[in-house]
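Reading through the structure tokens given below for one structure.
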Amino acid sequence: MAPDLECVSLTKRFDGMTAVDDVSFSVAPGSFFSILGPSGCGKTTIMRMIAGFLDPSAGDIRIKGRSVLNVPPNKRPVNMVFQHLALFPMMNVADNIGYGLRRAGLPKAEIARKVDEALERIGLPGIGARRVDELSGGQKQRVAIARCMVLEPDVLLLDEPLGALDLKLREHMKIELKKLQAEFDTTFVYITHDQSEALVMSDQVAVMNRGRFEQVGTARDLYYRPETAFVAGFVGDSNRWPGRVERIEGETLALRTDDGMLMLGATHGRALSVGDRVQMFVRPEAIRVARDAAELARFDNRIEGTVTSLLFNGAASRILVRHATGGGEIEVALPQSGEFADLGEGDRIVVGWSGAQGNCFPATGQDGAPDAERSDA
Ligand code: ATP
């Protein structure tokens with residue numbers, strides 16, 4: 001079966017700068033695909049090309065195997081939900097949902113039937129007569145999606161649709177959106193700069209940076225098997241140590257960090273040589289804590305230090321530890337056993353992790369950190 005959406009070498013140049021640079025991907029029917037990246041990386045530009053609001057400079061866009069480059073936006077089998085939902089505030093819910101069907105000239109009875117069915121599916125039966133400005137933020141979201149879904153698009157594009165909601169509602173709507181996608185069994189393409197949205201909802205996530213896709217994979221792939229320094233730094237939290245390779249033996253390397261520490265890490269098959277500049281990433285939860293160095297004897301990397309901050313967050317509590325000899329702080333997840341519940345700032349502590357947990361990448365000059373607003377014009 002042809003993918004619902006396929007972009008082939010999609011490129012968009014605005015005078016002097018390339019906003020989308022040779023991006024290729026395909027989205028399987030009925031799946032939830034997210035494009036995740038920092039502000040200005042080119043996400044919206046991709047969406048606008050798919051919707052037909054912007055012509056690509058090069059490349060092709062195919063929906064169900066057919067190129068849509070010469071198809072005007074209103075004839076493309078795609079629909080778009082925006083951050084500001086663009087519902088008509090003076091119309092009631094039913095008229096909002098039925099708007100596109102009326103424009104398409106469907107008979108009144110059929111519109112009413114489709115609107116009722118959509119209200120059922122979004123879990124809001126019987127509210128057709130309510131004014132949209134009387135609805136909660138979450139209800140408006142669902143109405144905006146229903147308004148698109150009654151038109152039965154092959155692909156629904158969602159441009160940061162949760163951006164305007166408060167945090168609590170956003171958490172709730174993540175789960176709701178995933179359920180709605182399954183309910184309508186339609187391909188969703190979702191763009192966001194919020195990794196927790198992308199990771200929770202998506203079957204596949206593309207991490208985008210500076211106009212290019214760095215990696216496409218499941219949330220687990222991106223978190224546990226990042227392929228680039230940018231992905232390792234952007235998805236989830238990590239300690240990051242820049243430095244230089246001092247020794248390599250098989251997959252194990254010794255890194256002299258810029259703040260003078262010697263740490264063991266792993267190449268994970270990447271071509272690295274002695275003398276190369278690299279960045280090592282270690283997840284806070286990969287680091288163990290003990291009061292006595294002997295308890296961590298099994299680890300290649302052990303650091304004695306002082307607790308500088310306690311970041312209490314229930315089960316996800318963390319501490320920051322400063323090395324006895326200086327250097328930056330190390331972020332460490334506390335075990336959930338509660339064994340370190342009485343730890344205080346200033347306490348002496350030992351942290352340790354195995355070399356295999358130190359994921360090393362060649363330094364790219366981008367430091368694996370999210371870009372600020374781009375300005376390569
Ligand atoms: P955000 O999350 O902030 O919306 P984004 O990832 O969606 O960012 P885009 O809006 O696609 O990013 O923009 C990508 C780059 O292209 C930016 O540097 C932007 O300034 C530039 N750009 C976008 N539209 C135009 C335009 N019409 N003319 C010139 N440059 C543009």
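Derivation of every value follows stated rules applied to the coordinates shown; laboratory data play no part. Remember, predicted model here, so these are calculated numbers, not experimental data. Glycine gets a Cβ as well: all are built from the backbone with ideal geometry, and neighbour counts include every protein chain shown.
Looking only at Leu106, Leu151, Leu320, which one moves most when the chain is put into a Gaussian network model with springs between Cα atoms under 10 Å? In the Gaussian network model the winner is Leu106. Sorted fewest first by neighbouring Cβ atoms within 10 angstrom, Phe361, Phe25, Phe82 come out as Phe82, Phe25, Phe361. With the helix formula -39500 (n - 2.57) applied to DSSP H stretches of n ≥ 4, the chain reaches a computed 222 nm mean residue ellipticity of -6500 deg cm²/dmol. Counting 0.36 nm for each residue step from Thr364 to Glu345 and taking away their Cα separation leaves a gain of 3.3 nm.
Expressed in Å, the radius of gyration and Dmax of the Cα atoms of the chain are 24.7, 78. Working ranking of peptides 118-126, 32-40 by packing, defined as the average number of other Cβ atoms within 10 Å per residue, highest first, is 32-40, 118-126. When only alpha carbons are used to place a centre, segment 1-49 and segment 122-144 end up 31 Å from one another. For the chain, relative contact order (Cα pairs under 8 Å, six or more residues apart, normalised by length) works out to 16 percent. Which shape class, rounded, prolate or oblate, goes with segment 121-197 when its Cα gyration tensor gives a ≥ b ≥ c as root eigenvalues, a/c under 1.5 marks rounded, and past that a/b bigger than b/c marks prolate? Because a/c hits 1.5 or more and a/b fails to exceed b/c, segment 121-197 counts as oblate. Remark: for residue pairs Lys108/Lys179; Lys75/Lys108; Lys43/Lys64; Lys140/Lys179; Lys140/Lys168, the C-alpha separation exceeds 26 Å in Lys108/Lys179.
Among Gly233, Gly338, Gly305, the residue with the largest mean-square fluctuation in a Gaussian network model of the chain, with springs joining Cα atoms closer than 10 Å, is Gly338.
Cβ-Cβ distance of Leu311 and Ala356, R₀ of 22 Å, FRET efficiency by 1/(1 + (r/R0)^6): the value works out to about 0.30.
Straight Cα distances below 15 angstrom link Lys174 to the aspartates and glutamates Asp159, Glu160, Asp166, Glu183, Asp194, Glu197, Asp203, with same-chain residues fewer than 8 positions distant left out.
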